[in-house]
Every structure is written in C-alpha cells, then in structure tokens.
Amino acid sequence: MPVTTGVETLDQILDGGLPENRTVLATGTPGAGKSTLAMSFLQAGIDAGEECLYVSTEQTAEELRDSFEPFSYDISADRLTVRSIHAGAGGGDADFKQGSVLRRYRSGSESRAKYSLQTLGDGEPISESIALTPENLREFLFYQQSYDRIVLDSASGLRTLADDDDMFRRILLDMIQVINADLEATAIFTAETSTVQARGGVSQLAVDDLIQYTVHGVIRLWRQEVRGNYRRYLDIMKMRGVDHDTRRFEVTFTDDGFDVVPRDDELTEFFIDNRLPTWIDGIDEMLGGGLLVGTGVLFQHDGQAGIENLLFGVISSALDQQLSIAIIPRVSTPPRFLETLFESLGVSMSQLLDANQLFVLDPLGSWYEHQNVFDISADSDAAKAAMETLTDRARGRGTMMVFNTEAFVHTIGDNKTREFRYWVQANALEDTDLVLDVHNPMTMNDTLSAFYLDAASQVIDTWLDETGLQYVQLRKALSGEIGTVRHIRPTKEPPYVRTVK
C-alpha cells in the first residue's frame, strides 16, 4: 500500500505515494527543498498518528526548529523524535564489537578500522561512540523503538565513515536493512548532488550516485534559472514497481511547507470535452482519454517515423465507432495502398465508398473515378465544394477528416491551404467531427507550420531517433500527459500499434 508523501500532487505523480517499507532518496542541489520535502513526509505521518524519526547529520534539533520555523510543521509533536548524529572513522577500544561493516585495513594485522556514530542531544553526546553494526544501530540510534517513518538528512554526512566506495555502500545497505526489514519503516534519505571526489589519491563516486544504487527510488530536485529568476523543479528518476509520471514538475513552498505545482493536465475537471478513444495502448492515457472531437488535432512527423502505423490505428478505431472517414492522401499514398489498409481491417474500400462512409479528396487528380472521390487539384474552391458534398452524404455518427497538409500545399500553395483550413473550421466542422492534420513541419514554411500549431487543440509529435527507435509525444492539449515521451512500436493485432513508457 502506498505511503503518502504529504504532498498531494507528488502522491499523484507516484501513483499514490512512496512504496511501503522501502527507502527513497531525495537528491538535489542546495536550496532545492530536500529537507522540506522530508519534513512534509514526516508531518503526514504525525497527522496520521504514526511514530516518526528525523535523523540529522548536519543540524542539531534546535537548528532544525529554526530552519522549519516559517512553516506549520509540528517539530515538537509527541510522535516525532529528532536526533542528531556525528559520524566518523575510529573510536572504541580493543574489544570494540565488530560487525558486517568493519574491515581489515592492513594485511596481516589484527588492527581493524572502526566506524562510529555519536548521537547528540542539544549538541551534547548522549551515547558513546558506537561501532556501526546493525545491532548497534538498532540499540543506540533507534533505541529499539518502533517507527513508521524515518528521515536521514543527509546521508552525505555519513561519507566520512568509509574511505572507499564499496565500504560506504555496505554501510548504507546495513542501515537500510535495519530501517526497512527490522523496523518495517518507510524512509527518505537526502543527499546533495555532488561531483566525483578524491580521498588519499583514490577517486570516489559522488555520494548521491552511490546512494542511488542502494535505494528503492530516487526523487530529484534542482534549481534552474528562467529569464533571470531561479525556479525549483522535481522529477522521479526511478521508483521500482511504481507506474510513476516521468515529467518535470515545478516545486513551490507554502505556509504548509513543500508543494508541487500541478501541470495543466491535472485540471481536467475544468474541461468538458468529447473524445474519440483510439484504443491504442498508452495513447489514450497520454491524450487524457482520446482525440478531441469537434476541433482540430495535429500529427507532426519527421518524414522518417512510421506515421502510417498511428493513422492505421486511429482510422480503425474511427470505423469501429461508426464514423465516416474523409482523406486527403499523402503524395506517396496511391489507391492500392489504402485498399490494402482497409482489407487488413476486414473491410472493402470500395464498399466504404459506395456506402458513403469513405471520401477521398484527391489533390493530384490521380485516383480512379467514383462519386466519393473528388478531384481537388484545381483550387481551394474545388476542395470546399467537395467538403460540402461529402458533408451531405456522410452516413456516420460523425466524420474524421484526415488531411495530409503537404499534398495540399504542393497543389495549391500556402495561402490557399491556410484559407481552406480556416473554411473547414468555420463551415464543415460539427461537434461530432474532428480534423486530423498530418504533416512534416520541415517541408513547410515557418509561418504555415506555426498556423497549424496554433489552430490545433492537440498536437502530437512522432519521430525516429538516431538509433531507429520511434517515439511519440503530446506537445499541446487541454488535458492529458503534456510533454510525455513514449516509445511506439507496431504490433500484429488491432489496433496494430502500442506505446511503451
């Protein structure tokens, strides 16, 4: 069961919250909000009647109270224990109990390096230096008490315990084992984003890099300059077993403490819209339910990606939902290609044409004759007349208009193409219809490309990367996972394409 972070939007990003009885790292630059996020997590536990522990390696309890004074956190709550520790190598005596983190530092010697923690209360030691073993952690750091939530702020303060990366990682694993398995607590460790260091001439990994290998999930925070002002951001680098949002979110501080600003797509309740599900795995989720009906949708591609795969799935879905289809084909799409496409869907293109469910607006005058194949190669007036005719004849519940813009531009030019698109929006688009414009913006002038971006209520990009993998992204929408990038691949089963997060 997920454990709430105390931050509503962050819980939504994490599909409910943090994994129970697991340790998560909050890493980031100074001032990004790591400690404040950690305290919000503990405050949620306090409010729920849970036992909470805040372990600081950098500040005393009094210093923490001063740091959190601007917020409404209850630092003096009965269910919150605040403990400061100082960590270092050495300490103990010849009988110092050896545990799993102790190692021989000189071959053939009985001498052993000892790693110790000193627990402080109001700046004064309240326990002797202890060997850092699981047994001693339970007894001297956690006092054999039961905790539901634990914060270690920051794990970077433990780096002095070991002079090599493997030993430090092992120390962390021991501590996480005690917290998650023995105490059955959920924890947040913090660590500053840092650079590779060197001690004694030996290169060391950055502390946050080392911790990432040992924890269940990583929340990244940072500050970034935006037009002369610094803004705070957050994203989830990993969270094992959680279907989390991968996008960047802005962070802010309120009187209640740490907060994450919802993206526009979180406000879908403010928009009442009709959608056409594509039934393509992952696409409808990304789109917030499907393609917007009664408006324009823009599919942009790079000329290399398999746009046909996406259109194939969308057209299949539209036919299943009893929509008529009006197509301005691509220059590279001859009649036989569409015939094969519809045959694979189990329907005949000729039958669809005869039944007034399919209409072809031919910009090149290269198609065969049929009452529902319109030669629009003359000018935009011919295209308008064709639209008026097909609107009267269409027998579906609505009409999906799939317009390959490039073919039209090559035939009648930029201005006439823009004029026709305006006319369609104003005269031919009903509440049950949708216009799906398709083009490669690199083949168009910037002004016309910007026009289509502005006219669309949803903008979807697809492209191939340098390795040949195809991706799809929702760039603009009233709602949905705006900015999300997903891998897309064809399948052998309807709707013949799916996405992978």
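The values are calculated or read from the model by the stated rules, or taken from the named source; none is laboratory data. Note that the structure is predicted; figures quoted are calculated from it, not measured. Ideal geometry is used to build each Cβ from the backbone, glycine not excepted, and the neighbour counts take in all protein chains shown. Heavy atoms of the whole protein, side chains included, go into the accessibility calculation; ligands, DNA and RNA do not. Shrake-Rupley method; radii C 1.70, N 1.55, O 1.52, S 1.80 Å.
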Quick one: count up the residues across the range 485-501 that are outside any loop (DSSP other than H, G, I, E, B) and under 19 Å from the mean Cα position of the chain (by Cα).
-> 7
LYS114 passes all but one of the listed conditions (1) among the basic types (Lys, Arg); (2) modelled with pLDDT of 90 or more; (3) over 18 Å from ALA155 (Cα atoms); the exception is number (2)
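Considering every residue within the range 344-360, establish whether at least one is farther than 20 Å from ASN309 by Cα, assigned to a strand (DSSP E or B) and in contact (Cβ under 8 Å) with a residue 12 or more places away in the chain. Show your work before the answer.
Of the range 344-360, the ones farther than 20 Å from ASN309 by Cα are 350-357, 359.
Subset that is assigned to a strand (DSSP E or B): 359.
Next cut, in contact (Cβ under 8 Å) with a residue 12 or more places away in the chain only: 359.
The answer is yes; a qualifying residue exists.
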Kindly list the number of the only condition in (1) out of contact with any Ser or Thr (no Cβ under 6 Å at 6 or more places or on another chain); (2) within 13 Å of VAL3 (Cβ to Cβ) that fails for GLY49.
-> (2)
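In the range 315-333, is there at least one residue being in a loop (DSSP other than H, G, I, E, B), touching a residue at least 12 places away in the same chain (Cβ under 8 Å) and among the charged types (D, E, K, R)?
Taking every residue of the range 315-333 in turn, at least one turns out to be in a loop (DSSP other than H, G, I, E, B), touching a residue at least 12 places away in the same chain (Cβ under 8 Å) and among the charged types (D, E, K, R).
Matching residues to (1) of a type in the set (Phe, Trp, Tyr); (2) at pLDDT 85 or above; (3) closer than 25 Å to ARG138 by Cα; (4) crowded, with 16+ Cβ neighbours inside 10 Å:
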residue: LEU183; (1), (2), (3), (4): no, yes, yes, yes
residue: ILE188; (1), (2), (3), (4): no, yes, yes, yes
residue: GLU192; (1), (2), (3), (4): no, yes, no, yes
residue: GLN204; (1), (2), (3), (4): no, no, no, yes
residue: GLY217; (1), (2), (3), (4): no, yes, yes, yes
residue: ARG220; (1), (2), (3), (4): no, yes, no, yes
Considering each of GLU225, GLU250 in turn, give the residue that is open to solvent by 30 Å² or more (accessible area, probe 1.4 Å), acidic (Asp, Glu), under 17 Å from the mean Cα position of the chain (by Cα) and more than 30 Å from ASP379 (Cα to Cα).
-> GLU250
Return the pairs, sorted by first residue and then second, in which the second residue is hydrophobic (A, V, I, L, M, F, W, C) and outside any strand (DSSP E or B), the first residue lies in the range 231-259 and is free of Cβ contacts under 8 Å to residues at least 40 places away in the same chain, the beta carbons are less than 7 Å apart, and the residues are 6+ apart or on different chains.
-> GLU250/VAL261; THR252/VAL261
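State yes or no: is ASP165 open to solvent by less than 70 Å² (accessible area, probe 1.4 Å) and modelled with pLDDT under 75? Give the steps one after another, and end with the answer.
Details: open to solvent by less than 70 Å² (accessible area, probe 1.4 Å): yes; modelled with pLDDT under 75: no.
No: the conditions fail for ASP165.
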Can we say THR391 is of a type in the set (Val, Ile, Thr), out of contact with any helix residue (DSSP H, G or I) (no Cβ under 6 Å at 6 or more places or on another chain) and part of a helix (DSSP H, G or I)?
-> yes
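I'd like the full set of residues that are among the small types (Gly, Ala, Ser), over 21 Å from GLU20 (Cβ atoms), modelled with pLDDT of 70 or more and open to solvent by less than 10 Å² (accessible area, probe 1.4 Å), limited to the range 121-162.
Hit for the range 121-162 is SER154, nothing else.
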Residue hits (the range 453-484; buried (at least 20 other Cβ atoms within 10 Å of the Cβ), more than 14 Å from the chain's Cα centre (by Cα) and of a type in the set (Gly, Ala, Ser)) are ALA456, ALA477, SER479
Yes/no for GLU419 being in a helix (DSSP H, G or I), within 30 Å of ALA305 (Cα to Cα) and free of Cβ contacts under 8 Å to residues at least 60 places away in the same chain | yes
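Quick check: is even one residue across the range 441-454 of a type outside the set (Ser, Thr, Tyr) and within 16 Å of GLN304 (Cβ to Cβ)? Let's see the steps before the verdict.
Narrowing the range 441-454 to residues of a type outside the set (Ser, Thr, Tyr): 441-442, 444-446, 448, 450-451, 453-454.
Subsequent filtering for residues that are within 16 Å of GLN304 (Cβ to Cβ) retains 441-442.
Scanning the range 441-454, I find at least one residue that is of a type outside the set (Ser, Thr, Tyr) and within 16 Å of GLN304 (Cβ to Cβ), so the answer is yes.
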Subset of the range 9-39 (residues that are open to solvent by 10 Å² or more (accessible area, probe 1.4 Å), within 19 Å of PHE68 (Cα to Cα) and either in contact with a Cys (Cβ under 8 Å, 6 or more places away or on another chain) or not in a loop (DSSP other than H, G, I, E, B) (or both)) | LYS34, SER35, THR36
